[in-house]
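Presented below is the structure to which this report refers.
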């Protein structure tokens, strides 16, 4: 993906210079191709939402749909200015969006802190506007939280992981941590891409540094409520 678009687009565009986008949302497929659950709301009672950007969203989504306790996943665009952007527009670097995975999960089966562990260990959060060979603002690392409790857990996990990365000789974390902005679903052919395309490209790669057991660094359980 990265070699096709946005190779030198490593500076976030301003709202004034961003593409105008459109008022019509991109159609959302009715069911998850792997989990056979709705991609869009309404979600089951008690379900919670987590939004993560960790590079090319094809491999990132697979990482989370393989996580026990996850009810459904969807890929999309977040953190930019352009409403309802297309993939091609995001790849120009003129929307300021990053590629993200929306994770809907059952907190009785998997905690938000465990999802954070998957997030940190699945990619290199020190690379700024890139992940490996994928270069551009749409590949930046991001956590978009849905509650004060999620924010606290995200910040705590970042600080804990930074200590582990520093000890292993890695650079500073560049992950954006911010309140969840509007989420725009990506086109249907991106949803569960690596299930539909078994030999499809996946640029996801971690540092091999482990975050550790969430019970050793997380805030008290039961405080990560975020519903839609």
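The values are calculated or read from the model by the stated rules, or taken from the named source; none is laboratory data. Computed from a predicted structure; not experimentally measured. Glycine gets a Cβ as well: all are built from the backbone with ideal geometry, and neighbour counts include every protein chain shown.
Quick check on my filter: what residues within region 35-45 are surrounded by fewer than 21 Cβ atoms within 10 Å (Cβ to Cβ) and either within 12 Å of residue 105 (Cα to Cα) or touching a residue at least 24 places away in the same chain (Cβ under 8 Å) (or both)? Before the answer, list the steps.
Start the filter on region 35-45 by keeping residues that are surrounded by fewer than 21 Cβ atoms within 10 Å (Cβ to Cβ), which leaves 35-38, 40-45.
Passing the criteria: 35, 37, 38, 40, 41, 43, 44, 45.
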### Task
Kindly indicate whether any position in region 7-14 is more than 19 Å from the chain's Cα centre (by Cα), in contact (Cβ under 8 Å) with a residue 12 or more places away in the chain, part of a loop (DSSP other than H, G, I, E, B) and within 17 Å of residue 193 (Cα to Cα).
no
### Summary
Taking region 143-167 and keeping residues buried (at least 21 other Cβ atoms within 10 Å of the Cβ) and more than 20 Å from residue 208 (Cβ to Cβ) leaves 143, 144, 145, 150, 153, 154
### Query
Just a yes or no: is a residue in region 46-67 loosely packed, with under 15 Cβ neighbours inside 10 Å, in a loop (DSSP other than H, G, I, E, B) and modelled with pLDDT of 95 or more?
yes
### Task
Within region 75-104, work out how many residues are more than 14 Å from the chain's Cα centre (by Cα) and under 25 Å from residue 42 (Cβ atoms).
3
### Task
Would you please name the residue that is surrounded by the fewest Cβ atoms within 10 Å (Cβ to Cβ), looking only at residues in region 119-142 that are under 14 Å from residue 100 (Cβ atoms) and in contact with a helix residue (DSSP H, G or I) (Cβ under 6 Å, 6 or more places away or on another chain)?
122
### Query
What are the pairs, 6+ residues apart or on separate chains, where a residue within region 205-228 that is on the phi < 0 side of the Ramachandran plot and modelled with pLDDT under 85 has its Cβ under 6 Å from a residue that is surrounded by 14 or more Cβ atoms within 10 Å (Cβ to Cβ) and part of a loop (DSSP other than H, G, I, E, B)?
225/147; 226/146; 226/147
